Structure formats: structure tokens, C-alpha cells
Amino acid sequence: MSLLITGGTGYIGSHTVVELQALADDQDIVIVDDLSNSSTKVLDRIKKITGKTVTFIKADICDYDAMNAVFEQHDIDAVIHFAGHKAVGESSEKPLSYYYNNVSGTVILLRVMAEHKVKNLVFSSSATVYGDNVSPLNEKMTTSATNPYGQTKLMIEHILFDLAKSDSDWSIACLRYFNPIGAHNSGLIGENPNGIPNNLLPYVAQVAVGRLAQLQVFGDDYDTVDGTGVRDYIHVVDLAQGHVKALQNLNKISGCKAINLGTGNGTSVLEIVNTFKEISGQDIPYKIVPRRAGDLAAVYANADLANELLGWQATRNLHTMISDTWRWQSENPQGF
Ligand code: NAD
Ligand code: UDP
């Protein structure tokens, strides 16, 4: 039996593959990725960490024939579906590309899965589906989205709920991630954004390593501890372990279940900057600029359900998250 990981050479996918291979009864892993936002170099790094190899297939999830061939050639029994485009700003510039890649790609994947009677799925959703609900965010809250990227996650969630309602054989964990940061503690794999990073941590890391001159802090007049935006940062290895737990507990999920993966704690932009400065020993110049359109003051999880249902909770603190980010960035200043 094999496990299919779509988007497995990406940031969260690669860390999840490492955690899956660390299990005593690890399954064969098949990665499908079109390399639109990742590199095959990650495969050598994974092998260095785990001593194990994976099967890699370069394919686009939107390509029905290619996906069908994957299921014909491998005895897949479950899928973790990471593949998708994820840049919020770009999604407003190229909405069709996002709806096609993320939504149509997922429908094609689900169709092929159903045809091969593979009905176990873990899906990468996002806390963005909570719209402007007030934190702490729990899974019973209403959902909404404010940009095409968020809409794709919401649409996929609706598709998954409808699918599970139509056929009770499906077991689907829809994992709503908060803000993944950090890297594997080997320093061999980590986040490797293309171009100028959109997210806070890769931006700060690139300022610390001298690739970027100065951080722009988007607003210091929010109603938060120091006026800057607060988010629930979660170590990517904790997140990866959440996927392992979700997979192991899929049999307890009948239908489709939305589950938050966060820590429940909020950290401000300036707290991040100061901790990064302290750990790296580097200066991190920053300038306060106006708020970024669409940003909320504070976004953090109620993480109780993941604990109750999956026996999972995040264990790595902010110090570990930032130390691991810095190790990855300083040892790989230009990424892979
Ligand atoms: P990533 O870009 O590093 O990984 C995604 C991978 O999917 C990349 O390797 C890319 O090449 C691949 N891919 C994209 N479109 C594809 C297609 N059509 N066919 C095959 N492969 C394709 O991103 P990540 O941070 O690892 O995110 C993984 C998933 O988690 C995404 O679905 C993302 O939306 C979701 N997510 C990420 C975050 C975050 O902050 N990183 C937060 C919430 C949700
Ligand atoms: N942020 C910032 N400067 C940046 C990038 C982000 O001040 O260059 C702030 C942003 O306003 C938010 C926090 O950092 O308060 C996290 O932003 P990110 O884009 O990483 O995550 P998201 O807002 O999508 O949760």
C-alpha cells in the first residue's frame, strides 16, 4: 500500500514526508508535484534526513490522464493533498489561474480517487476560511473568504463536505492551518519562496541574512499588545505531525471534518522581529508603514478539537520556531 502526497516537494509537504518516514511502520510514499513552486533538490535533502527514498512523479493534478496513471501504477490507499497555489496577492491578479489550479485540480484528483475507490483524504485548508470572525477561532464558526485564494479553499471545503455527504465511504480531514513557520532542525529543508516573500517570517529571515534591506511592518495602530498584527505561528514540524495524526485517525472520521491546526497563542509582528534579532544576533531594520488591505488585527486558533479528535497538540515554542528558521536561512541563504 502506498500513500500519495500531492505537492510533496513543497514546504509543508516535504516536512510531512520526513515525519511519515520516521514512523516504524512507514508506508511507501509517492509524491506528485508539478514543481511550479518547488525543486527536486528537496528529494535529496529528504533522503539525507531519513535515509529513505520516495517515488517522485512530476505531474500536474489538473492532468486527468497523468493522475489516473499514478493510481493505475501504484496501490494508493490514502492521499494527503497539499498541491495548490497559495499567494494571496497573486490570486487577485490571476483569479482564473487560482480557481483552475486549486479547485479544478482538486476535483480532478477527487474524481480519480473515487474511480479507484480511494476515499481517505487529508486536505490542506487554511484559517483564511474564517473570514473576519473574532479570535479564538473554532470550527463551528461561519466561514467566508475575502480573496480568490481564500475562496478556493472555501470552495474545496464545500466540495469535500458535499462529496462526503453523498457517499459515506469517504473519510476526510480538512485541516485548517494557522501560520506555519520554522524548518526541520537539520537545517536541510525549509521554506523557499520564489521572489520577494509575502509572508512575515521568510521576509524577516531574508532581512537577517542580508538578502533584503528592511522589513515593512504593516500597521502599528491595531488593538493588540503593541499595535502590530497578531498571528498564531505554528512550527512546520508540529504541523507535519498533525498530518500524521490525522492520517492515523481517519478511521474515526466519518464524512468530512474541519480541524484547526494552530497553537492557540498569538504573537505580534514586533515580538517576532525582536525574538529573531535576539536569536540570530543580526540587526533587523524595519519601518512602520500603513496597514495592509484586508489584514485583521489578531488571528489565532482554538486548538481543542485537534487534541480531542486526533490526540495532537503543538509542542514547539516560538524560540524553537525562530531558531530553526534561522538555521535553515543562514545555512541556505539562497534557498535550495
Ligand atoms: P508550497 O508552494 O511550498 O507547496 C505546494 C506544492 O504544490 C509546490 O511544491 C507546488 O509545486 C505544488 N503544486 C502547485 N500546483 C500544483 C499542481 N497543479 N499539480 C501538482 N503540484 C502542484 O506551499 P506550502 O506552504 O507547502 O502549502 C501547502 C498547502 O498548504 C497549499 O495548499 C497551501 O494553500 C496550504 N496552506 C499553506 C499555508 C502557509 O502559510 N504555508 C497556510 C494555510 C494553508
Ligand atoms: N506582515 C508585516 N510585514 C510583512 C509581512 C507581513 O508586517 O512584510 C504582518 C502582517 O500584516 C500580519 C503578520 O505580519 O499582521 C503575518 O502576515 P503573513 O502574511 O505572514 O500571514 P497572514 O496575514 O496571511 O496570516
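General remarks:
- Isotropically averaged projected area of the chain, using the convex hull of Cα atoms (one quarter of hull area), nm²: 15.5 nm²
- Area of Asp220 that stays accessible when all protein chains are in place (1.4 Å probe, Å², to 10): 80 Å²
- Here the Karplus relation 6.51 cos²θ - 1.76 cosθ + 1.60, evaluated at θ = phi - 60°, turns the backbone of the stretch 68-76 into coupling constants of 4, 4, 4, 6, 5, 8, 10, 8, 6 Hz, with x for every Gly and Pro.
- Residue by residue, the stretch 316-324 carries 3J(HN,Hα) couplings of 8, 8, 4, 4, 5, 4, 7, 4, 5 Hz when phi is fed to the Karplus relation 6.51 cos²θ - 1.76 cosθ + 1.60 (θ = phi - 60°); x denotes Gly or Pro.
- For Val299, distant residues with modelled amide H under 5 Å away: Val230, Arg231, Asp232
- Backbone geometry of the stretch 105-116 corresponds, through the Karplus equation with coefficients 6.51, -1.76 and 1.60 at θ = phi - 60°, to 3J(HN,Hα) couplings of x, 5, 4, 5, 4, 5, 5, 5, 4, 4, 5, 9 Hz, x marking Gly and Pro.
- Most mobile listed residue (Arg292, Arg211, Arg111) in the chain, GNM with C-alpha springs under 10 Å: Arg292
- For the chain, carbon and sulfur atoms together expose 46% of the accessible surface, with a 1.4 angstrom probe and every protein chain in place.
- Restricting the calculation to Cα atoms, every distinct pair contributes to the Kirkwood radius of the stretch 105-214, found to be 16.7 Å.
- Less than 5 angstrom separates the built amide H of Tyr177 from those of Ser125, Ser126, Ala127, Leu261, all sequence-distant by 5 or more or on a different chain.
- Accessible solvent surface per residue of the chain, calculated while the other protein chains remain in place, 1.4 angstrom probe, Å²: 43 Å²
- Taking amide H as placed 1.01 Å from N in the peptide plane, Ser144 has its amide H under 5 Å from the amide H of Tyr130, Gly131, each at least 5 places away in sequence or on another chain.
The values are calculated or read from the model by the stated rules, or taken from the named source; none is laboratory data. Small disclaimer: the values here were computed from a predicted structure and weren't measured. When the accessible area is computed, the model is the full protein with side chains, heavy atoms only, and any ligands, DNA or RNA have been set aside. Shrake-Rupley method; radii C 1.70, N 1.55, O 1.52, S 1.80 Å.
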